[in-house]
Amino acid sequence: MSGELSSDGGAVDGLGGGADGGYRVWAVGGLPEVQPGDDLAKLIAAAAGPGLLDGDVLLVTSKIVSKAEGRVVQAADREAAIDAETVRVVARRGPLRIVENRQGLVMAAAGVDASNTPSGTVLLLPEDPDASARAIRDGLRDALGVNIGVVVTDTFGRPWRAGLTDVAIGAAGVQVLDDLRGGTDAYGNPLSATVVATADELAAAGDLVKGKASGLPVAVVRGLPHVVADSGEDVGARALVRDARDDMFRLGTSEAVREAVTQRRTVRAFTDEPVDPGAVRRAVAAAVTAPAPHHTTPWRFVLLESQRSRTELLDAMRDTWIADLRRDGKSEESIAKRVRRGEVLRGAPYLVVPCLVMDGSHTYGDARRDGAEREMFVVATGAGVQNFLVALAGERLGSAWVSSTMFCRDVVREVLGLEPGWDPMGAIAVGHPAEAPRARVDRDAGAFIEVR
């Protein structure tokens, strides 16, 4: 029981847990390439043979289960497959989605996997991993007469932890959780919250000998017979999925919003890394949830995704600005300095021009009331832009809202081919920040509050 990994047999010896104070884990070799319709229990029985004993636990990579069950789709349909397998999007960054899938698992891309599968195809997770584990266990009992546990495993990332590990997504004949609550530790202290995820620990142990690219999808754990469950204790790996009522981070909306708001900064220097247009569109989707008067939609967002469109607009704006400054009697040196300060937009890989439209506004024929009506629409546009900036921060994109287009609206409308009623409300530079943001100046919220 040295804890040494065997390079030839793919075995790990560990200490603790078994009746003799140790356990052994090894990979099963000799399995053929699994095809749709294959009987996995028969294939494993032929490979592992009489070497399996009562009390062993078999760890089976979900990919071969998916292959045997025909859970294969064409790679061109991967995004559609992810959508079909998704119940709830938990988090998104760029093209990566962390979702809750139809099996109740929270994981990247709903478990739709392009690795260890023929070129041009992707694999879905087993439809019911617990049922898959039961079928393998029953088949091995019929073929070999052994009472073993079976765990179907898959690879997960974990919040707040770097790296990947295998966890149990299906189980049969295994005590998936070891509830130690009500007992005491070595010092006599009561255990009030300790529930060990035994099936996950078994899955991780098996991953040490199976590996990710070694073509060894099955492993055996021996020496831990106490984790093989009686029929009445066989609840499956579904018991590892936390109930929604107990999930402190299921929604996390207020925490997520506060984080995005506090992390938002005005960014004036960007890297050359391209901006994901999908991220900008998701930010627009957040923007148009802002409040607006009379059930109107006063926001329009013009996305300048080509270098040509950005250059044409910025050149025209610069020429107009220089002409205005000359009319104001500014020196050429002063003009050059001002133009340099305004170049933050030119250094951004992506520009957005938010526009105000007054469609649906009321006309009263009274200057005071008509002015207030426009102010309501301006405020609503600002709320939409703030939503947009915060959503960009949530996508880990930097931004700078610059007012310049408001001073040459006719020029902007002409260059971009906008409708006469679209009023540009500045321009927003978008990109990946070139440096870490400066610390925000602390502001006492109480200084901005009056209570009556």
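The values are calculated or read from the model by the stated rules, or taken from the named source; none is laboratory data. Treat the numbers as computed from the prediction; the structure is a model and nothing was measured. Reconstructed Cβ throughout: ideal geometry from the backbone, glycine too, with neighbour counts over all protein chains shown. The accessibility values were calculated without ligands, DNA or RNA, using every heavy atom of the protein model including side chains. Shrake-Rupley method; radii C 1.70, N 1.55, O 1.52, S 1.80 Å.
Would you tally the residues in segment 353-378 being in contact (Cβ under 8 Å) with a residue 40 or more places away in the chain and farther than 16 Å from Arg409 by Cβ?
Of the residues in segment 353-378, 6 are in contact (Cβ under 8 Å) with a residue 40 or more places away in the chain and farther than 16 Å from Arg409 by Cβ.
When segment 33-77 is examined, which residues are found to be at negative phi, small (Gly, Ala, Ser) and open to solvent by 60 Å² or more (accessible area, probe 1.4 Å)?
Passing the criteria: Ala46, Ala76.
Considering every residue within segment 354-364, establish whether at least one is on the phi > 0 side of the Ramachandran plot and assigned to a loop (DSSP other than H, G, I, E, B).
Yes: segment 354-364 contains one or more residues that are on the phi > 0 side of the Ramachandran plot and assigned to a loop (DSSP other than H, G, I, E, B).
Which residue, of Val90, Val99, Val57, is farther than 19 Å from Leu123 by Cβ, within 19 Å of the chain's Cα centre (by Cα) and of a type in the set (A, V, I, L, M, F, W, C)?
Criteria check complete, one pass: Val90.
Name the residue, out of Ala197, Ala237, that is of a type in the set (Gly, Ala, Ser) and buried (at least 22 other Cβ atoms within 10 Å of the Cβ).
Ala237
Select from segment 79-101 the residues that are assigned to a helix (DSSP H, G or I) and surrounded by fewer than 17 Cβ atoms within 10 Å (Cβ to Cβ) and list them in ascending order.
Those that are assigned to a helix (DSSP H, G or I) and surrounded by fewer than 17 Cβ atoms within 10 Å (Cβ to Cβ): Glu79, Ala80, Asp83, Ala84.
Looking at (1) assigned to a helix (DSSP H, G or I); (2) in contact with a helix residue (DSSP H, G or I) (Cβ under 7 Å, 6 or more places away or on another chain), find the lone condition where Ala372 falls short.
Only one criterion is unmet by Ala372, namely (2).
Being of a type in the set (Asp, Glu) and in a helix (DSSP H, G or I) is the filter; apply it to segment 315-338 and report the residue that is farthest from Glu414 (Cα to Cα).
Ranking the candidates gives Glu333 first.
Only one of (1) in contact with a helix residue (DSSP H, G or I) (Cβ under 7 Å, 6 or more places away or on another chain); (2) more than 16 Å from Ala269 (Cα to Cα) is not met by Arg413, so which one is it?
Of (1) in contact with a helix residue (DSSP H, G or I) (Cβ under 7 Å, 6 or more places away or on another chain); (2) more than 16 Å from Ala269 (Cα to Cα), only one is false for Arg413: (1).
Report those strands (runs of 3 or more DSSP E) wholly inside segment 112-174 carrying at least 1 residues which are open to solvent by 10 Å² or more (accessible area, probe 1.4 Å) and of a type in the set (Phe, Trp, Tyr).
Those strands (runs of 3 or more DSSP E) span 149-158.
Are any of the residues in segment 49-56 in contact with a strand residue (DSSP E or B) (Cβ under 6 Å, 6 or more places away or on another chain) and in contact (Cβ under 8 Å) with a residue 24 or more places away in the chain?
yes
Please enumerate the residues belonging to segment 265-288 that are assigned to a loop (DSSP other than H, G, I, E, B) and closer than 14 Å to Val352 by Cα.
Of everything in segment 265-288, those that are assigned to a loop (DSSP other than H, G, I, E, B) and closer than 14 Å to Val352 by Cα turn out to be Val275, Asp276.
Over 23 Å from Glu343 (Cα atoms), within 32 Å of the chain's Cα centre (by Cα) and either modelled with pLDDT of 95 or more or not polar (S, T, N, Q) (or both), is that true of Val441?
When the stated conditions are applied, Val441 passes them.
Can you tell me which residues in segment 97-113 are without any contact (Cβ under 8 Å) to a residue 40 or more places away in the chain, out of contact with any Ser or Thr (no Cβ under 8 Å at 6 or more places or on another chain) and among the small types (Gly, Ala, Ser)?
If the condition is that a residue be without any contact (Cβ under 8 Å) to a residue 40 or more places away in the chain, out of contact with any Ser or Thr (no Cβ under 8 Å at 6 or more places or on another chain) and among the small types (Gly, Ala, Ser), then Ala109 is the only one that fits.
Can you run down the residue pairs with Cβ atoms below 7 Å, 6 or more apart or on separate chains, where the first is in segment 435-452 and in contact (Cβ under 8 Å) with a residue 12 or more places away in the chain and the partner is surrounded by 10 or more Cβ atoms within 10 Å (Cβ to Cβ) and not acidic (Asp, Glu)?
Sorted first by the residue in segment 435-452, then by its partner, the pairs are Glu435/Ala269; Pro437/Arg265.
In this structure, does Arg346 turn out to be on the phi < 0 side of the Ramachandran plot, surrounded by fewer than 21 Cβ atoms within 10 Å (Cβ to Cβ) and not in a helix (DSSP H, G or I)?
The answer is yes for Arg346.
Do you know which of the residues in segment 420-452 that are over 16 Å from Ala348 (Cα atoms) and not in a loop (DSSP other than H, G, I, E, B) is most open to solvent (accessible area, probe 1.4 Å)?
Phe448
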